[in-house]
1. Can you name every residue in region A:211-236 that is under 23 Å from A:Leu137 (Cβ atoms) and of a type in the set (A, V, I, L, M)?
2. Quick check: anything in region A:181-199 within 14 Å of chain B (Cβ to nearest Cβ), hydrophobic (A, V, I, L, M, F, W, C) and within 30 Å of B:Ala243 (Cβ to Cβ)?
3. Condition first: within 14 Å of chain A (Cβ to nearest Cβ) and of a type in the set (A, V, I, L, M). Now tell me which residues in region B:182-232 satisfy that.
4. What's the number of the only condition in (1) within 16 Å of the chain's Cα centre (by Cα); (2) buried (at least 22 other Cβ atoms within 10 Å of the Cβ); (3) more than 14 Å from chain A (Cβ to nearest Cβ) that B:Ile93 fails to meet?
5. Any residue at all in region A:228-247 that is in a helix (DSSP H, G or I), of a type outside the set (D, E, K, R) and out of contact with any helix residue (DSSP H, G or I) (no Cβ under 9 Å at 6 or more places or on another chain)?
6. Looking only at residues in region A:155-180 that are under 20 Å from A:Leu103 (Cβ atoms) and among the small types (Gly, Ala, Ser), which one is nearest to the other protein chains (Cβ to nearest Cβ)?
7. Quick check: anything in region B:240-259 touching a Leu at 6+ places or on another chain (Cβ under 6 Å) and more than 9 Å from every other protein chain (Cβ to nearest Cβ)?
8. Within region B:121-140, track down each residue that is surrounded by fewer than 16 Cβ atoms within 10 Å (Cβ to Cβ) and either outside any loop (DSSP other than H, G, I, E, B) or of a type in the set (D, E, K, R) (or both).
Amino acid sequence: MFNYLVRRFLALIPLFFGITLISFVVIHLAPGSPIDVLADLNPKMTAEAKQRLVSYYGLDKPLHERYSQWLRRFVSLDFGVSFSPDRRPVMAKIKEALPITILINALSLLLIMVVAIPIGAYSAARPYSAFDKSLTLFVYIGFAIPTFWLALLALILFSVQLEWLPISGLKSLDYARLSLPGKVWDTVSHLILPVLLSAFGGLAGLSRYMRGSMLEVMRQEYITAARSKGLSEREVVYKHALRNALLPVVTILGLSVPGLIGGSVIFEQIFAIPGMGRLFYSGVMSRDYPLVMGILTIGAFLTLVGNLLADISYAVVDPRIRRGGQR
Amino acid sequence: MIQSPFWRSMRQNPLALFGGLVVLLLFAIALAAPLLPIRDPYSIDAGAVMEPPSLAHPFGTDELGRDVFSRVIYGSRISLWVGFVSVGIAIAIGTFLGSLAGYYGRWVDGLIMRFVDVMLCFPTFFLILAVIAFLEPSIGTIMAIIGLTGWMGVCRLVRAEFLSLKERDFVQSARALGVGHFRIIVRHILPNSLTPVMVAAILGIAGAILTESALSFLGIGVQPPTPSWGNILTSGKDNIQIAWWLSLFPGLAILVTVLSYNLLGEGLREALDPRLRGSR
């Protein structure tokens, strides 16, 4: 078990450096520089002042030197100082935004699991029943629906027409004056739509995947054996089949992290939530290299952690992997 | 191409046929848009700003008094265009790298597949966003970038096909006859591995249309005044308190289009794969 995990972990390290290297090159090779953005804002800037800024930010050094400098700083978790006027360290900005994004994504991941796994298992236990067919329909629609559109519709219905839920942000203006239950409800009501909607996309995918995995398991001989032992169908499905069918689903959950992170850009933009997605969007718009690079790195890191967690949980539930090592 | 089991399977799959039909219809509409008896999607009418749907404007009008119905129709041209070109790019890259990896194996394979792993680990949408925002946002940039970040699946598919095909007798005999590597790859193996690629392409178009609309929605895709479903939705968001029709209709258009491509793609996958045939 331990050896297996160490091996999986070591395999992630080159992957991580590959990702940061590609991000770095892509960002820095793109035309347009933060100095141009500053110069656009301040037309009186002289060529000299521009040059000073360029060397101040180290933009005149060759690419490989800048990358190795970035790496050296990264080892001490220092992503440098943001190019934005407030000149705060990138790490400080990320520290504010990251918990919000993680909270929303963790909640929606939880919701996805709690809903999708039973639904998928249930419809696989009765293939081609009415329930199963409506699941298939739901999956097709879920895959085709742009979730940001769904978010707009939900806002129109619940926030504009019915006025049940707030339209944006994480806190109401009068948050400080609310009582404790009031504060809790305030936070919950701000989170409902973002969490529900970011779960929606994954819901279709995971329930379909769960169904497929379950159908696969139901064809196995040990299920026939369990049935012929005289176990009730209930026990066969929910004890013997379900556990085995969960295996591949666990992996998929780990692999869905990049999608969730990517999706947070749009959701945080729509709901005006001050998380990583919104920070990234603003960083990209102002060509804030250190900020963009920092967030891409954290995003890659989270993705790899997702992969690793998937590997670990896979090993925990499947003894074959623990002992055999190779997948 | 026209094998009877294929058509039998397609005929038994009304959803796939429906998807195919809608795809053809969307094509016809997009191509014929300038000929249709609809309003000019660019003509501004200060006297008809933000009108709800009516007989004159079935989908209402936007903040400049432009007819949303014709903007949605013209938006379909953008979607199709982006879908096809970006998937074309993805297929080209994926097929090229996939056939190299599958045919030559060893370190070529190792190198290419590690690269694929790295690319798959990216939160793709972040990468797309970073690149597009640093470039000038335009329809060309979008197509290029969606293509450049979407080839990994195809690469894996083609590689897998090559791995199994290159050991087959017809390839071995071509090699024994002294046919060169390039010719074996292009003339003998590639044509036999294109079926799954075609299915991936159709599903890929659906994905590309979704990505394009999301990017245009964020304001870094197709730029106004050119109508695209995504950027109409942006004005829907800006006017969310007063104009629901700006949000509803373009999204429906995306839903119907993407759904049709997915239904067609899944139907083809079942019809072309003997193992899945009759499994429904």
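The values are calculated or read from the model by the stated rules, or taken from the named source; none is laboratory data. Remember, predicted model here, so these are calculated numbers, not experimental data. As a convention, Cβ positions derive from the backbone with ideal geometry for all residues, glycine included, and neighbour counts pool all protein chains shown.
1. Pass one, region A:211-236, residues under 23 Å from A:Leu137 (Cβ atoms): A:211-216, A:218.
Within region A:211-236, A:Met214, A:Leu215, A:Met218 qualify.
2. To start, the set of residues in region A:181-199 that are within 14 Å of chain B (Cβ to nearest Cβ) comprises A:193, A:197-198.
Within this subset, residues satisfying the condition of being hydrophobic (A, V, I, L, M, F, W, C) are A:193, A:197.
So of that shortlist, the ones also within 30 Å of B:Ala243 (Cβ to Cβ) come out as A:193, A:197.
Looking for residues that are within 14 Å of chain B (Cβ to nearest Cβ), hydrophobic (A, V, I, L, M, F, W, C) and within 30 Å of B:Ala243 (Cβ to Cβ), one finds at least one in region A:181-199, hence yes.
3. B:Ile202, B:Leu203, B:Ile205, B:Ala206, B:Ala208, B:Ile209, B:Leu210, B:Ala214, B:Leu215, B:Leu218, B:Ile220, B:Ile232
4. Of (1) within 16 Å of the chain's Cα centre (by Cα); (2) buried (at least 22 other Cβ atoms within 10 Å of the Cβ); (3) more than 14 Å from chain A (Cβ to nearest Cβ), only one is false for B:Ile93: (2).
5. Yes.
6. A:Ser168
7. No: zero hits.
8. B:Glu136, B:Gly140 - these are the residues of region B:121-140 that are surrounded by fewer than 16 Cβ atoms within 10 Å (Cβ to Cβ) and either outside any loop (DSSP other than H, G, I, E, B) or of a type in the set (D, E, K, R) (or both).
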